[in-house]
1. At a 1.4 Å probe radius, which order do Cys209, Cys396 fall into by accessible area, largest first?
2. At 7 Å along Cα-to-Cβ for each site, give me the label-to-label distance between Val388 and Lys544 in nm.
3. When the solvent-accessible surface of protein heavy atoms is calculated with a 1.4 angstrom probe, in what order do Ile432, Ile417 fall, highest first?
4. Leaving ligands, DNA and RNA out of it, work out the accessible area of Val364 with a 1.4 Å probe and give it in Å² to the nearest 10.
5. In straight Cα distance, which aspartates and glutamates are under 16 Å from Lys369, not counting same-chain residues fewer than 8 positions off?
6. Which sequence of Ile73, Ile524, Ile501 reflects their accessible areas, 1.4 Å probe, from the largest down?
7. Rounded if a/c is under 1.5, else prolate if a/b is larger than b/c, else oblate: which is the range 218-377, with a ≥ b ≥ c the root eigenvalues of its Cα gyration tensor?
8. Show the residues, 5+ positions off or on another chain, whose built amide H is closer than 5 Å to the amide H of Phe118.
Amino acid sequence: MKSFIILLTAVWSAVSGSVYKIIRKQKWALYAIIIFGLVSLSGCFLHYYKVDRANKTDAATLEKLITGGKYFILHANDQSFALTQVKMNNENLEGEVDILPDEHTKYLHPMNGYPNRFYKIDNGIVLYEVHLYSRESTSNKSHFSLPVKDIYQLDVYELDKTATKKSKVVSTIGLSLTAAGIIAIIVAASVAHDEPATSSNTGTLNLGCSPQVYNLNGSNSELAGILYSGAIFAPLQRTDYMPLSGIDPINDKFHLQLCGGSNEELMIHETKLLQVTHEKDNKVLLNHDGKLMVYRRPVNPEKASIGEHQNARKELSAIDESYYSFTNRLPGQNTSDVILDFKKPAGAHTGKLVLRAKNSAWAVYLFKKFKSLYGDSYPALVQQKDKVSREKLLQCELDQSLPLSVSVKDGTNWKFIDYFFTPGNEVPRDMIMEINLTDFKHTNHIQIKLETAYMFWDLDYAGMDFSENLSCTTTYLPAYNVAKFDSNAQLNKIELNGKDIHLAATEHLNIDFAVKSSAGPNLINSYFLVGSGYYHDNTRFEGKPQLSKLATFSQKGAFDKFSRQTFDQMLSLINNNAANGIAAKN
């Protein structure tokens, strides 16, 4: 398995720079790589079984199950037993009652009507189980004879082929960095197949978010993060506090560059540097309202539940780029979630939820696909949205579960707390949220639910810090030099006169800051780029608006449905093209 991941990663690294061209010329080969990769990786993850449930049965059905070599489990008086040496005697089912082995106790309580997950290693166990339910007592019995008419429920476990096939992709995508390469190939394959015609199509695949911030070091540049990602209309303008983590000033100076993606224009209201001085053992982050929070030792969740049977605690307990990508389905809801169970110190009345996350490449692709539904009317939509109230636009995003919503378990109900803005998909962002736990100070556990649209976020780490807010000092530093460059590297120095800065798609902004890096004994500095503004995507889509499809987005949760449907269609496309292409080559 490990050697295959290394091989697949190498393949992805080799093709990523020219993946678009390769797909267009040799689709069948890449489809084959995708299918081979997904099938190979899927063996390491969970599969699904379904329950064929009947409220009554007959002797012929039971005889067929016995002949088929099934393993019978008897449920009687809230207890479960193994039923061995099973045979039919006229209208009675007979067998020997025994203690149920441990390996058969894992899947005693399935959800009927929904896919139930199991480990592939257990396929020789769970897929042979038959569960009989009776009110007959079995106490002090070794031999058991049960009239068929007294069986009030019969559950036969079978492989759920549809859910398992989808899980081979979804589990891979959700939990490993290698899968990020696979999903990028899948997205590229889809773009090559049905790429929307635009007046600005350059033949390259752009799945990045904007506005992008780069750290400049001589002739080298490093992507540091994304500012106010998702602020695509004027009312969504906001101030963002982007951590410059892992980046140190050079000679007490930061040299940063701000730019947009192709076809994008940026409206920059303000950009400044925040220097926070704090103790070496502490860390600092700002929430989306600009409140500074100091934390020290976040605890890992004791459990990170995804549905009934999966625990993603291992994936979310370390910053290792092993992601959970919100790939589950909640019964009756149009979202995906993860429930974090934290052990809480006695008396703690506040908690700081600390996450490391980003949006997925799938989310960016999906949003581009959504925009294309407007066709040549998309510019008119931008003008319209620029006049809508901020509150209405934000509520629309929440109704579609695009931000990452946070709720706390209060009794049997979930209480909504707040949400995290979309951080972009290029670089994982460290984020923090303060949660008032005054009403939970006498409990020793706290449950937090994170919820978003299907595959819209990649979550790398989750922790909770219960300490009081510690001391620090802050200094805001204005830029001492701001210069705008166009595509021909023509310099246009900008005077800092309080006016907004407009950046066209062919321009970028260089911003220089001077800092005082000396912090004092046992103190260090952390830096944040504080920027406010918004941006427009000026991509030109051809064709008339697809009004019937757009009408569905007026309903809550429509984006989640759109994501699931689009992904299912893409898998079907890849499977069909791979099969047809390979057959043609042979």
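The values are calculated or read from the model by the stated rules, or taken from the named source; none is laboratory data. Computed from a predicted model, the values in this text were never measured in an experiment. Reconstructed Cβ throughout: ideal geometry from the backbone, glycine too, with neighbour counts over all protein chains shown. Side chains are part of the model used for accessible areas, which takes the heavy atoms of the whole protein and leaves out ligands, DNA and RNA. Shrake-Rupley method; radii C 1.70, N 1.55, O 1.52, S 1.80 Å.
1. Details: Cys209 20, Cys396 65 Å².
Largest accessible area first, the residues go Cys396, Cys209.
2. About 2.3 nm, to one decimal.
3. Values: Ile432 5, Ile417 55 Å².
Highest to lowest solvent-accessible surface, that is Ile417, Ile432.
4. 20 Å²
5. Within the straight-line cut-off, Lys369 pairs with Asp194, Glu195, Asp537, Glu542, Asp560, Asp568.
6. Working: Ile73 0, Ile524 60, Ile501 25 Å².
Descending order: Ile524, Ile501, Ile73.
7. Numbers: a/c = 1.96, a/b = 1.10, b/c = 1.78.
Note, shape of the range 218-377 comes out oblate.
8. His47, Tyr48, Tyr49
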